[in-house]
Amino acid sequence: MVHDLYVLMITAGIVSLLFKLMKQPVVLGYIVAGVLVGPYLFGESWVSADNVKAWGDIGVLFVLFCIGLEFRIKNLIASGKVAAIGALTIIGGMMLLGFGVGKWAEMDMMNALFLAGMLCMSSTTIVMKAVDEAGLGKARFVKGATSILIVEDVVAVVLMVLLSSIAIKHQFDGQELLNKVLVLAVTLVAWFVVGILIIPTLIRKVKPYLNDETLIILALGLCLGMVLTAEEAGFSGALGAFVMGSILAETVESHRIEKLMTPLKNVFAAIFFVSVGMMINPANLVEYWPSILITCAVIVVGMIVFGTLGCWWGGETMKDAMQTGFSFVQIGEFSFIIAGLGNSLGVLHPALYPIIVASSVVTTFLTPYIMKAAVPCYNALYKHAPAGLKAKLDKREQEVEAAISNQPSAIRTSKARAGLSKAISHTVVTKRLVNLFVENMSAHEKENEES
């Protein structure tokens, strides 16, 4: 195991350094490192694929945990319209497009459905990493984009249940799907009540006794506990990791936990992308290159079109909508999970997995460059737009700016406190819960202002 980790780290370090010097995405360097140490290029693997896969799975958990730490529940509520309309537009549009491509390629119904599922989910990990590397972490579109990715991850869980049901029974089981949705709803309610009302309060009480070592151990313990809880409930462990990250994001120690987690996240995220690279057989890239190019074109064009339309219909400005759509031009973690599900059920065509993995590599490579093209494309659109369209774009920009300037966080918190207290003031128990919630939110906002 030590030998495997040594080979993995030294190869990933050297290759990623070369890619950094060539001003290429570091994520792509990790994937190339996986190809180098994998079993296909030199005839045998330099490391144990099982060990790398196990570390890679842990990497996904830590990455999503850290993404949860950077997210705020109030932001999801504030972005509710954009998140719902944007995610449903992207998922619905890409599934129809993917299914159509599958039938055009003369796939059977099952493979066309799995292809549709694999093409409709952008990669939360890759999008957030590309945004950070581009220095756009504070950009206005990021909040809405993150909200859409979260909704996509939740929908992906339900989608996997649906695909499993169809693959096993060869028919749609509406009752099973409904039961899964209800369990998910109950789980999310429990997350809100237990997490937001209890965990921030407990951490605030023990804050004087938490040094860095104790805090990171406690945070990781809570994260893994939620992962196990999610898996026991039949959901993805990745969803559980994100949930706990979101809960801890509402505590007074969120920024400290995030800072302590960053090195660990970077290490295991690198291992995850190396594990993806190990699954790539360069011979397959040559054999299936026409299919890979078509798949990449479908992903890029489809995500730009449906992402932009969904965000615009959800109330964002055209500039923000285009930046979101242009950042979603890749597939990632859930695509691999759905592909693995199809393989395990024995319904996926052998050629489909390498095509999806290769398409993910290509679109990951293209993501930073396509992201940079969003603003120039918007400027060109605005410059050549007819007067009527230009007036609509200006009006939407003014509406969004007015909404932001007229609702500072202090006013929103005050309104939330007043509305919640008035609505349930007749119940002593629930009133106490609301007071706890407001105290937690206020303490968190005060900590943010001080930092």
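General observations
- If you go through the stretch 201-259 and keep only what is in contact with a Lys or Arg (Cβ under 8 Å, 6 or more places away or on another chain) and among the acidic types (Asp, Glu), you end up with Asp212, Glu250, Glu253.
- A Cβ distance below 8 Å, combined with a sequence gap of six or more or placement on separate chains, defines the contacts here; from the stretch 352-377, residues that are buried (at least 19 other Cβ atoms within 10 Å of the Cβ) reach residues that are aromatic (Phe, Trp, Tyr) and assigned to a helix (DSSP H, G or I) in the pairs Leu352/Phe114; Ile356/Phe336; Val357/Phe336; Ser360/Phe336; Ile370/Phe326; Met371/Phe326; Ala374/Phe326.
- Residue pairs whose Cβ atoms lie under 6 Å apart, sitting 6 or more positions apart in sequence or on different chains, and linking a residue in the stretch 325-336 that is farther than 15 Å from Ile148 by Cβ to a partner that is of a type in the set (S, T, N, Q) and assigned to a loop (DSSP other than H, G, I, E, B), are Glu333/Ser123.
- Residue in the stretch 187-206 that is closer than 17 Å to Asp57 by Cα, under 21 Å from the mean Cα position of the chain (by Cα) and surrounded by 14 or more Cβ atoms within 10 Å (Cβ to Cβ) present: no
- Residue within the stretch 288-307 that is buried (at least 22 other Cβ atoms within 10 Å of the Cβ), not in a helix (DSSP H, G or I) and not basic (Lys, Arg) present: no
- Filtering Gly340, Gly332 for residues that are in contact with a Phe, Trp or Tyr (Cβ under 9 Å, 6 or more places away or on another chain) and modelled with pLDDT under 80 leaves a single hit, Gly340.
- Failed criterion for Ile257 (all others in (1) surrounded by fewer than 17 Cβ atoms within 10 Å (Cβ to Cβ); (2) closer than 30 Å to Asp4 by Cα hold): (1)
- Among residues of the stretch 103-120 being surrounded by 24 or more Cβ atoms within 10 Å (Cβ to Cβ) and farther than 17 Å from Phe365 by Cα, the one that is nearest to the chain's Cα centre (by Cα) is Cys120.
- Any chance Met226 is within 12 Å of Ile67 (Cα to Cα), surrounded by 18 or more Cβ atoms within 10 Å (Cβ to Cβ) and hydrophobic (A, V, I, L, M, F, W, C): no
- Matching entry among Leu420, Leu433, Leu393 (being of a type outside the set (Val, Ile, Thr) and at pLDDT 50 or above): Leu393
- Only a single item in (1) outside any helix (DSSP H, G or I); (2) buried (at least 20 other Cβ atoms within 10 Å of the Cβ) is not met by His349, and it is number (2).
- Where Ser344 falls short, out of the listed (1) within 23 Å of Ser275 (Cβ to Cβ); (2) in contact with a helix residue (DSSP H, G or I) (Cβ under 9 Å, 6 or more places away or on another chain); (3) hydroxyl-bearing (Ser, Thr, Tyr): (2)
For (1) at pLDDT below 85; (2) polar (S, T, N, Q); (3) not in a loop (DSSP other than H, G, I, E, B), each residue gets a yes or a no:
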| site | (1), (2), (3) |
| --- | --- |
| Leu17 | no, no, yes |
| Gln24 | yes, yes, no |
| Ser45 | yes, yes, no |
| Gly56 | yes, no, yes |
| Val60 | yes, no, yes |
| Val63 | yes, no, yes |
| Asn75 | yes, yes, yes |
| Ile85 | no, no, yes |
| Ile91 | no, no, yes |
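- Taking each residue of the stretch 239-267 that is closer than 18 Å to Thr125 by Cα and looking for partners that are among the small types (Gly, Ala, Ser) and surrounded by fewer than 19 Cβ atoms within 10 Å (Cβ to Cβ) with beta-carbon atoms closer than 9 Å, six or more apart or interchain, yields Gly240/Gly225; Gly240/Ala233; Met244/Gly225.
- Here Lys180 meets the list (1) farther than 25 Å from Gly310 by Cα; (2) at pLDDT 85 or above; (3) among the basic types (Lys, Arg) almost entirely, failing just condition (2).
- Of all positions in the stretch 143-165, none carries a residue that is modelled with pLDDT under 90, surrounded by fewer than 18 Cβ atoms within 10 Å (Cβ to Cβ) and not in a helix (DSSP H, G or I).
- Check on Ala219, more than 30 Å from Leu162 (Cα to Cα), in contact (Cβ under 8 Å) with a residue 12 or more places away in the chain and either under 24 Å from the mean Cα position of the chain (by Cα) or crowded, with 20+ Cβ neighbours inside 10 Å (or both): yes
- Meets criteria (surrounded by fewer than 21 Cβ atoms within 10 Å (Cβ to Cβ), not aromatic (Phe, Trp, Tyr) and not in a helix (DSSP H, G or I)) for Gly340: no
- The stretch 216-256, residues that are over 15 Å from Pro200 (Cβ atoms) and of a type in the set (Gly, Ala, Ser): Gly221, Gly225, Ala230, Ala233, Gly234, Ser236, Gly237, Ala238, Gly240, Ala241
The values are calculated or read from the model by the stated rules, or taken from the named source; none is laboratory data. Predicted model, so just to flag it, every value in this text is computed and none were measured. Counting neighbours? That spans all protein chains shown, and the Cβs are built from the backbone with ideal geometry, glycine included.
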